[in-house]
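Have a look at the structure below, then the notes.
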Amino acid sequence: MYLFDTYALIEILKGNNNYSKYKGKKIILNNFILTELAYYFAKANDYKNMTKYIDYFSNFVVEIDNEIIKFAMIFRYKNKKKKLSMVDCISYVQAKVLGVRFLTGDKEFEGFENVEFVK
């Protein structure tokens with residue numbers, strides 16, 4: 001099981017072969033990731049797929065509690081030189097708390113503990 005970053009979702013939807021082994025895996029998302037995914041489709045004026053995929057992926061959303069938010073912002077501050085996004089920090093910490101790997105292709109997370117980095 002993995003917590004999929006927005007990057008990973010988009011690469012799967014685009015058909016990136018490097019992500020083919022993750023199709024059909026049990027996934028976890030959060031509402032922030034769904035928000036980024038919706039924005040991706042909004043930029044492309046692809047409202048049909050926005051609705052389709054947001055409705056589908058909303059089934060895999062796990063809520064974020066206040067402790068995750070606090071630890072994520074501490075993590076972000078401690079790694080401020082890497083300029084990590086708020087959503088990525090929240091998702092990374094959520095994955096750690098849930099005991100699953102964080103699947104991403106964001107280069108800033110390469111080499112981090114508990115990260116499955118795929119380009």
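Nothing in this text is a laboratory measurement; each read-out follows from the coordinates by a stated rule. Note that this is a predicted model, so its numbers are computed, not measured. So basically every Cβ, Gly included, is an ideal-geometry build from the backbone, and we count neighbours across all protein chains shown.
The order of T6, T35, going from fewest to most other C-beta atoms within 10 Å of their C-beta, is T35, T6.
Between helix 86-98 and the chain, what is the angle of the helix's C-alpha long axis to the longest principal axis, kept within 0 to 90° and rounded to the nearest 10? Compared with the principal axis, the helix lies near 80 degrees.
Across q = 0.10, 0.22 Å⁻¹, the stretch 2-117 modelled as identical point scatterers on its alpha-carbon atoms has Debye log10 I(q)/I(0) values of -0.28, -1.33, in the order of the q list.
For the chain, the longest principal axis of the alpha carbon atoms and the long axis of helix 31-43 meet at an angle near 50°.
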